[in-house]
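Readers should treat all values here as calculations from the given coordinates under stated rules, not as data from a laboratory. Treat the numbers as computed from the prediction; the structure is a model and nothing was measured. Positions of Cβ are generated from backbone atoms using ideal geometry, with glycine treated the same way; all protein chains shown enter the neighbour counts.
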Amino acid sequence: MTQTVVNKIAVSEKYTSLFQVNRELLDEGSSPLLNRMRDVAIKRFEKVGVPGFKNEDYKYTNLERVFDKEYRPVFQYEKVDVDLNEVFRCDVPQLNTFTVLLINGWFYARNQQLSGLPDGVVAGSLAQLANERPELVQDYLNRQAGLSDDPLVALNTAFAKDGFFLYVPDHVVIEKPIQVINLMRSEDAVFATQRNLIIIGKNSQAKVIFCDHTLSACDFLVNNVTEVFVGRDAVVDVYTIQSQSNNANTVNSSFFKQAENSNLLTGTATLHGGLIRNNLKVSMDGEHAEAKVLGMSFTDKRQHVDNFTNIEHNKAHCLSNQLYKNVLDEDSVGAFTGRIHVARDAQKTNAFQRNNNVLLTDSAKMNTKPQLIIDADDVKCSHGATVGQIDEEALFYLRARGINEPDARLMLMNAFAHEVIQEIRVEPLRDRIDELVDKRLRGELARCHSCDRS
Amino acid sequence: MEEQDKILEEVTSGEYKFGFVSDFEMDTIPKGLNEDVIRIISEKKGEPDFMLQFRLDAFRKWQKMKMPDWAYLKMAPIDFQEIIYYAAPKTKPQYESLDEVDPELLETFNKLGIPLEEQKMLAGVAVDAVIDSVSVKTTFKETLAEKGIIFCSFSEAVKEHPDLVQKYLGMSVPVTDNFFAALNSAVFSDGSFCYIPKGVRCPMELSTYFRINAAGTGQFERTLIIADDDSYVSYLEGCTAPMRDENQLHAAVVEIIALERAEVKYSTVQNWYPGDKNGKGGVYNFVTKRGVCRGESSKISWTQVETGSAITWKYPSCILLGDNSVGEFNSVAVTNNHQQADTGTKMIHIGKNTKSTIVSKGISAGKSDNAYRGLVKVMPGATNARNFSQCDSLLLGSTCGAHTFPYIEVGNKTAVVEHEATTSKIGEDQIFYCNQRGISTEDAIGMIVNGYAKEVLNKLPMEFAVEAQKLLQISLEGSVG
């Protein structure tokens, strides 16, 4: 392992001075709702700095090296010389969605109108809507992310100007999923900050699919924060599909806040990427809430995927279920940290977590760190973690039936991944991911279909 | 339900039964820590120069280290200058028979229930008793010497077997390993030393009994066990302390080295004073224990029953260096009232075909916190490494906490690592089942707790298993059982 020595303080100072120098530019055109948080946030970032491996939460993902590289920050919307609607078309068969494009962390100016959304639903650019409809934004923005002590979330708050915004009023059901496609496209190395805010009202339903893609192969550093508020009795699905180039470095922090009786399903499929860190926090702040948190990754070369989850059971009678699976090939490194925190008095909690990993080579490495922090007694909590290989007996069974070894292995790996995929509640998406995973495992797919045109 | 709560209340309010103070004259040095103190300790013990250098080196390194803060513990900062680093019974015993022993001391042992005399014959245990860091009595030395086994106090070993000490000291726990190991290396006063020669199977259980007696002291003992090729030894360790208002520091180091095909079984029943019901006083038990399986097919197994101490912070570990070596860790940790425990193990797989098993049972009651923290690491060269870990937590009452922090790092594709953890309370249906069959609720709780811990208790040597069961009852059951 070659690790260049990085001056930790210098790296962090680079970003604080970037903030100071561009202070006016950051405020320009932005809503005061965003601007008023910046100074506090940068101070919080300064306190900890860019996390290195000495930071317990980032023990297995050293970001200092990644942040040390030179990037051009995108503090303003940059015009795109081609029509992205034409260049990029997600061709998932039978998947009919409301599609929204974002480019380098900014809402694409020539996005097509979303027609057919139910009355009262507001979807669009966070920058624009924070200015035009502050009453929708102000009660929610940074209400969860602001509680986090993660320095990168604070860095996002300091730099954030735009992102995707969705507001669904009470008692509204959106049948069609909303697909948010985050594109990275540039000729030079770029540092992008994106801030998403999703508010789902009482008794409403919505499905959001985030697709992270890169359209060029230069170095990217993306620092995303997504806050999702799930109202009473609401049913919400949030899926993230990551398929990026090997030079992309992404930190994705998602926060979910659940009210009483709400039902949340969130899944992350990492098919391709350079360095990906997914932070996920679910706060179960109402009784009888249910959350299912899924994740899977397929890595090779020198890719690095780190999933960090934190499920906070703050109220009684909640149920959470986590399932994470990783397949690691070549020199890739995987990490999983899953924390279940049951607060005092959150009785009758059921919280389960499972993490299964398959290592295909000796140079691949998997680190897993499940955690249970339990302060109530009438609970059922468990976690299990395994690292191993494909079951030799199952392999033998298939081979005894005339299936050759590569095919048998492929079948078993598909089955391994399918346990996660089958939980997806959008059928065309489920089929699509099954197909993508199959291709990924065959090594045929470098990136998601239409994304390799650029 | 109310009745059950009441019983739990009774169960969890048992008092510490070993809290007497023995009144014998102590030889102490002024509190505080500096290079001179270390020189005094070394001089008082008449140590050769290499030991003094070892201590000074450790002290200089310790000064540069900071107290770690990553454990899931709430504690006030420790003032290391307020501790007395050396306290020895003044009449340093050089006894040939028990008649010469200070009666106070004998009384202490009787209270502790250690069968130091002829009962020993029956029990078949050789004891090295350590009071306030100084080894006062080693029994059965001659019988052991016939076999070539060296079992003596650490200071004796330094004088009589300096070559062995120099060769193996710090081999599994280097001076700079951690903050408390460095502190111990600088100031350790005594402890036990054990060497089992090639091909010898130790005919009896070896045992050390630790007791803190003087006020304001810290206990820093050091145990070094070397099992040469093809040897076997089973080693027991027990501890108690008087009741005091202040927190006393116990920072011991235990090193085990197992050479080719050697097997070492190390069992601990830890029952330091846990503090009173309001969390006042009690021992801080910050211990570094590590075994290295250096030889091929060697085996080290740790078994611990942790019922005492205000704060327990220790991770008995195995470094599986030799091919086919085996590491085991079995633990029952009970916390009550305001006790805190952050304990677990580390299994580092380096050699090929290495195996490790971890079984951890945590029981929390009262307002206590009980955490399991463990690391299983498989290095890229550790082909066919195998680990199985199981961590269960049992919660008695709604004000306690149970936490699990396992770390699994795997760098070899042929490794198979499994971990599972569960947290639960005693089910109302379980109690109902017992009640229905005429077993009172309090008996039922006692049965269930004992059954829960049985898997680990069974691993203890006979004499200890009985003691451990009693301790479980004292710590948890109170009126139960």
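Take the alpha carbon atoms of the range B:267-288, find their center, do the same for the range A:19-90, and report the distance between the two centers in whole angstrom. Going from one Cα centre to the other spans 48 Å.
Computed across chain A, the Kirkwood radius stands at 22.4 Å (inverse of mean 1/r, all Cα pairs).
Helical runs assigned H by DSSP (4 residues or longer) give the protein assembly as shown a calculated mean residue ellipticity at 222 nm of -6500 deg cm²/dmol, each run adding -39500 (n - 2.57) before division by the residue total.
With Cα atoms defining each centre, the range B:423-456 and the range A:115-146 are spaced 54 Å apart in the structure. Residues whose amide H lies under 5 Å from that of residue A:282, counting only those 5 or more places away or on a different chain, are A:256, A:310, A:311, A:312; hydrogens are built 1.01 Å from N in the peptide plane. Where a Cα-Cα gap under 29 Å defines reach, which lysines qualify for residue A:79, not counting those fewer than 8 residues away within the same chain? Leaving aside lysines fewer than 8 places away in the same chain, those within reach of residue A:79 are A:14, A:69, A:161. Taking a straight Cα-Cα cut-off under 18 Å and skipping sequence neighbours fewer than 8 places away in the same chain, the lysines within cross-link reach of residue B:66 are A:54, B:74, B:314.
What the Cβ-Cβ distance of residue A:33 and residue A:76 gives, at R0 = 25 Å and to the nearest 0.05, is a FRET efficiency of 0.85. A simple count of charges around residue B:424, restricted to other residues whose Cβ falls under 10 Å of its Cβ and scoring Lys, Arg +1 and Asp, Glu -1, yields -1. Taking amide H as placed 1.01 Å from N in the peptide plane, the amide H of residue B:148 sits under 5 Å from none that are at least 5 places away or on another chain.
As a proxy for reagent exposure, ranking A:149, A:431 by other Cβ atoms within 10 Å from fewest up yields A:149, A:431. Across the protein assembly as shown, the convex hull enclosing all Cα atoms gives 179 Å³ per residue.
Projecting label points 7 angstrom from Cα along Cα→Cβ for residue B:44 and residue B:82 puts them 2.1 nm apart. Put in line by how crowded their Cβ is, counting other Cβ atoms within 10 Å and starting with the fewest, B:437, A:442 read B:437, A:442.
Spin-label pair residue A:114-residue A:415: with each label point 7 Å from Cα along the Cα-Cβ axis, the two points sit 4.1 nm from one another.
As a proxy for reagent exposure, ranking B:462, A:184, B:379 by other Cβ atoms within 10 Å from fewest up yields B:462, B:379, A:184. The range B:157-176 and the range A:161-219 have their alpha-carbon centroids 62 Å apart. Phi-derived couplings, Karplus 6.51 cos²θ - 1.76 cosθ + 1.60 at θ = phi - 60°, listed residue by residue for the range B:266-271: 10, 10, 10, 10, 9, 9 Hz, with x used for Gly and Pro.
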